[in-house]
Amino acid sequence: MYPSPVVKTSPAAPAPVRPVADVRRVRRLAAQFRALRDAVAALPDAVVLLDDACRILWLNPAAGTLLGLTRPEHLYTDLCQQLGDSAIGPWLRTGGDAPLDDVPAPHDAQVRLALSLIPVGARQRLLLARDISTRARLEQMRRDFVANVSHELRTPLTVIHGYLELLDPEDVPQLAGVLGDMRGQSKRMAQIVEDLLTLSRLETQSGFSEEPVAMAPLLATLRREAEVLSQGRHRVILENESEADLLGSLKDLHSAFSNLVSNAVRYTPSGGSIRIRWERLADGRGAFSVIDTGYGIPAHHISRLTERFYRVSSSRSRELGGTGLGLSIVKHALGMHQAQIQISSEPGQGSTFTALFPGERLLPARAADPGVQP
Ligand code: ADP
């Protein structure tokens, strides 16, 4: 028999059970870690772990397909620098707070990506990139379809409208009512087509030529437009409380502002007031507001108002010549200027629509060329 006195008597000897349990636990953990790593490696989305100096600590194979990164060449290299030329580099450098949607992949512009950056602990960040090429293609097909249909409808509608204008109801008194209806409807269709074309243009244009837009004459034009539309039924008040002009597209700003003004006139009963206000807020932002004392909007509709064809009351909108596209146009035109729209309303009391512009877009007044006004 093999004696084992040392094992039994020595106090320094390790207990026989613990090491085996530890080894098993370590093995189990290692297996779990491998399974997790394999699962992340198998993801179709690119996953890249970055340190606080934008260096790559880990990446999965999809990062090669989508971002052109490979292991070991790109490990510990500076990703912000490598992607500096694409839209992704500046976004990463500035912290990537908001997700980046629909940008070309760095090595292949046909591949469209959606990216997000997630903080991991205090010093690391996880970059996720997803291939959204199919979605982007479908989105493009939808935009092209709407633009093409609108374009195709424009000419026949103009012809029909022209002939209807030529017909004199006095020549056919028995059809006077019908003619009036036909004229009204063809005008409405033409307006829908024009609004769809404006939306398509705003959606597809990637950049626009920025110009200093003098606010004082633009505000005066808006007031005149409100008065013409109101036909004396409302009190129109202009409050220009800022000495600032705006940097942007005169055409698109005018279109956004006049949509807000025309809504205020149309959704305010006779005897109400429309206030057009331009001011610089304490935080440096510029605020263009249209405040009415009209019908107001119940709270649950407000978040959906900028969707295409969304109306609180379809019959009222149609009656007042609305297309349901005005606020979508406003949202897109403001988005191009990094401006946001804020809506507050009280049913029966009135509504306030405010366009908030970042301080960097505000210019000292009279910097604009007075010749370039609506
Ligand atoms: P529409 O052509 O129907 O006016 P918009 O996109 O401009 O379309 O507006 C969407 C809807 O928002 C309108 O149908 C109306 O119900 C509501 N709305 C917009 N502006 C106002 C306002 N100033 N007061 C009350 N309701 C408004």
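Please treat every number below as a calculation from the coordinates, not as lab data. These figures come from a predicted structure and were not determined experimentally. Counting neighbours? That spans all protein chains shown, and the Cβs are built from the backbone with ideal geometry, glycine included.
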*First check a/c for the range 152-236, with a ≥ b ≥ c the square roots of the eigenvalues of its C-alpha gyration tensor; if it is under 1.5, answer rounded, and if not, answer prolate when a/b is larger than b/c or oblate otherwise.*
oblate
*For the range 226-322, what is the convex hull volume of the alpha-carbon atoms per residue, in Å³?*
133
_I'd like the distance between the alpha-carbon centres of the range 55-71 and the range 84-112, rounded to an integer number of Å._
15
*Evaluate the relative contact order of the range 189-344 (contact order divided by residue number), counting alpha-carbon pairs under 8 angstrom at least 6 apart; express in whole percent.*
25
*the range 107-205: Cα Rg divided by the 2.2 N^0.38 Å rule of thumb*: 1.92
*What does the chain give for Rg and for Dmax, in Å, if only its C-alpha atoms count?*
31.2, 129
*asked:* If you average the C-alpha positions of the range 144-204 and of the range 276-309 separately, how far apart do those two centres end up, in angstrom?
replied: 30
*Distance from a point 7 Å along Cα→Cβ of THR77 to each backbone N in the range 45-67: keep the residues under 11 Å and list them by number.*
56
*What does the charge add up to near ARG34, with Lys and Arg as +1, Asp and Glu as -1, over the other residues with Cβ less than 14 Å from its Cβ?*
+2
*Quote the charge dipole size of the range 70-214 about the Cα centre in Debye, to the nearest 20; the model charges only the Cβ of Lys and Arg (+1) and of Asp and Glu (-1).*
780
*Is the shape of the range 12-160 rounded, prolate or oblate, going by the alpha carbon gyration tensor and its root eigenvalues a ≥ b ≥ c, with a/c under 1.5 for rounded and a/b larger than b/c for prolate?*
prolate
*asked:* When only alpha-carbon atoms are used, what values of Rg and Dmax, in angstrom, describe the range 269-374?
replied: 15.6, 44
